[in-house]
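Have a look at the structure below before the remarks.
The values are calculated or read from the model by the stated rules, or taken from the named source; none is laboratory data. On a predicted model such as this, the values are computed, not experimentally measured, just so you know. We place every Cβ from the backbone using ideal geometry, glycine too, and count neighbours over all the protein chains shown.
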């Protein structure tokens, strides 16, 4: 009951933003930001975008499209952003055309959904992305900090990195991957839809200690 109350409080956009900053979202989002340094002018769809905290880390030239199923988070996004497009909808049934965006972002989403839904989502992301998926999510960790964070997290489906790579790999070829820690342990992947062929130079970064 106490945990349910905490989750309801955390759903408030202002509280949600404070929590994200307190667990190091700035350092986490900079791992995503580096993949846009050499490709600033792109159309980007972010699924499960929450209150849009990641948007300021993308180049100002980015055409950004927010997508989430939570109207409360949409209200939080609109309080800080009135210019970018927003779609209130389901990431497993995205209402845009094939290859309609260059990049799709999926950050801290999959630990909230079961395998079947995650598989449908990745299929949709591969359909709408013309070039890349940039994926980042916390993973199961045996550290005391990791266990404590997962005991409080609203996500009910934490996974190990290898399972996430399996789910991504059905519809995408992973071109880059790294693991790192910022309180949580995270997996970050950049992948291309399989219809585009295997990437020429797959890269893997040794997990950060």
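Quick look at the values:
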| read-out | value |
| --- | --- |
| Residues of segment 137-162 classified as closer than 13 Å to residue 115 by Cβ and either at pLDDT below 90 or touching a helix residue (DSSP H, G or I) at 6+ places or on another chain (Cβ under 8 Å) (or both), total | 4 |
| Residue in segment 98-106 that is exposed (fewer than 13 other Cβ atoms within 10 Å of the Cβ), in contact with a helix residue (DSSP H, G or I) (Cβ under 9 Å, 6 or more places away or on another chain) and modelled with pLDDT of 95 or more present | yes |
| Output for segment 165-209, where each listed residue is over 24 Å from residue 99 (Cβ atoms), at pLDDT 95 or above and not in a strand (DSSP E or B) | 166 |
| Extreme residue, farthest from residue 89 (Cα to Cα), among residues of segment 37-49 that are in contact with a helix residue (DSSP H, G or I) (Cβ under 8 Å, 6 or more places away or on another chain) and surrounded by fewer than 22 Cβ atoms within 10 Å (Cβ to Cβ) | 42 |
